[in-house]
Amino acid sequence: MTGEKNLEALLAAMHPVKRDGEYVYTLWPEGRPLVPGIEAAVREAEGLTVVLPRAVADKEGLAYDFVGAWITLQVHSALDAVGLTAAVSKALADARISCNMLAGFHHDHLLVPVLDAPRAMEALAELSAHNRQVPRPELLLRSEASEDRDAILALTADAFAVSPATGLPAEGEPLEVKVLGALFESKEYLPDFSIVAVLDSEVVGHVISTRGWVGGHELLGLGPLGVTPRLQRHGIGSALIKETIRRANAAGESGIALLGSPGYYSRFGFVPATSLGVLPPDEAWGDYFQLLPLALWPGGVRGTFRYAEPFALI
Ligand SMILES: CC(C)(COP(=O)(O)OP(=O)(O)OC[C@H]1O[C@@H](n2cnc3c(N)ncnc32)[C@H](O)[C@@H]1OP(=O)(O)O)[C@@H](O)C(=O)NCCC(=O)NCCS
């Protein structure tokens, strides 16, 4: 997975999130076995520095001075990205807030004095908002072409490298890549509903909807939908869904079904499918199985949704 290097894009997307609780820096006693709860460690000639929850330090009887709040910048930055740390420290220094920065493989993390955390979050939000105003290259949405396939599968692998269902890293190739590859070859494939988002000639997002049914009634089954991790939260996923809805209405489709987070899809009008009499293929999906009734939704459609065949792989 490659991280973002463009500074303005990183700042625009950095999305700071504060963890619960308080964290301290302390020196770990030489020779004592490490305990669970250590969040970061740096080995130096003088000893091992660890960052851990204050409660754990107290339980271990360790001394500390600095008590910090932990803020994670949720953007996926490349380890060799230039300027993010400097821009963030400058914004905090201008607000007279001291900060310690830690870089993980995926994200950057800040520890700021607990009492300054609300002001730090404000300063970071302002810095991010300022960079969102910088004009960006235009996003192009178009049907996929056969030469896009490799890029689509690669971005889908990146997008689902961490499973949205479990929050855990996928083992090997994500299942969504296999399903998508099979959907491309399936009889339920609909060329107008495999849509790519292109930015500066790079395929940065993709959504596919394939034929599905409730009894004999035809619907669309949407998914997988993926956006290149470094460009998530820029509206690309939303643009792909809205384009799918626009095309579906224009094609006289009556509804779109999908499995996904209600927190995300409800903003486009999706509702729990059961509220419309359509049941998920797997009862356990509950309200995560959603449906968007389109202008031509007939009502009276009742039964269990059947996806295109490749979804049997899931
Ligand atoms: C989910 C995904 C397609 C959204 O695309 P995106 O371009 O990042 O999203 P957008 O910029 O259009 O929308 C961002 C908003 O959606 C919200 N959002 C994103 N994923 C969400 C989720 N799983 N649940 C709830 N909200 C979510 C964000 O919090 C943000 O909300 P805000 O605007 O209120 O801050 C993208 O994040 C992705 O590829 N994720 C990994 C793969 C995946 O989960 N695919 C969908 C499986 S159903």
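The values are calculated or read from the model by the stated rules, or taken from the named source; none is laboratory data. Everything numeric here is computed off the predicted structure, so don't read it as measured data. As a convention, Cβ positions derive from the backbone with ideal geometry for all residues, glycine included, and neighbour counts pool all protein chains shown.
Here are a few things to note about the model shown:
- Annotation: of all residues in the range 158-183 being part of a helix (DSSP H, G or I) and in contact with a Pro (Cβ under 6 Å, 6 or more places away or on another chain), the one that is nearest to residue 228 (Cα to Cα) is 158.
- Residues of the range 236-253 classified as surrounded by fewer than 18 Cβ atoms within 10 Å (Cβ to Cβ) and free of Cβ contacts under 8 Å to residues at least 60 places away in the same chain, total: 7
- Single residue of the range 232-259 satisfying the filter (in a loop (DSSP other than H, G, I, E, B) and at pLDDT 95 or above) that is nearest to the ligand (Cβ to nearest atom): 253
- Residue count for the range 278-302, restricted to those that are over 14 Å from residue 258 (Cβ atoms) and in contact (Cβ under 8 Å) with a residue 40 or more places away in the chain: 6
- With respect to being in contact with a helix residue (DSSP H, G or I) (Cβ under 7 Å, 6 or more places away or on another chain) and more than 7 Å from the ligand (Cβ to nearest atom), residue 190 falls outside the description.
- All positions within the range 289-314 that are surrounded by 12 or more Cβ atoms within 10 Å (Cβ to Cβ) and closer than 23 Å to residue 173 by Cβ: 307, 308, 309, 310, 311, 313, 314
- Top-ranked residue of the range 23-45 - restricted to ones that are touching a residue at least 60 places away in the same chain (Cβ under 8 Å) and of a type in the set (Phe, Trp, Tyr), ranked as surrounded by the fewest Cβ atoms within 10 Å (Cβ to Cβ): 25
- Selection from the range 207-231 of residues that are in a loop (DSSP other than H, G, I, E, B) and farther than 12 Å from residue 152 by Cβ: 215, 216
- Just so you know, in the range 147-199 the residues that are β-branched (Val, Ile, Thr) and touching a residue at least 60 places away in the same chain (Cβ under 8 Å) include one that is surrounded by the fewest Cβ atoms within 10 Å (Cβ to Cβ), and it is 179.
- The range 200-231, subset surrounded by fewer than 18 Cβ atoms within 10 Å (Cβ to Cβ) and within 30 Å of residue 6 (Cβ to Cβ), residue nearest to the ligand (Cβ to nearest atom): 202
- Search result, residues across the range 260-294 that are more than 22 Å from residue 310 (Cα to Cα), part of a helix (DSSP H, G or I), within 21 Å of the chain's Cα centre (by Cα) and not basic (Lys, Arg): 262, 263, 264, 265, 266, 268, 287
- Conditions (1) crowded, with 18+ Cβ neighbours inside 10 Å; (2) at pLDDT below 95; (3) small (Gly, Ala, Ser): number failed by residue 69: (2)
- Lone unmet requirement of (1) in contact (Cβ under 8 Å) with a residue 24 or more places away in the chain; (2) surrounded by 15 or more Cβ atoms within 10 Å (Cβ to Cβ); (3) over 22 Å from residue 85 (Cα atoms) for residue 48: (1)
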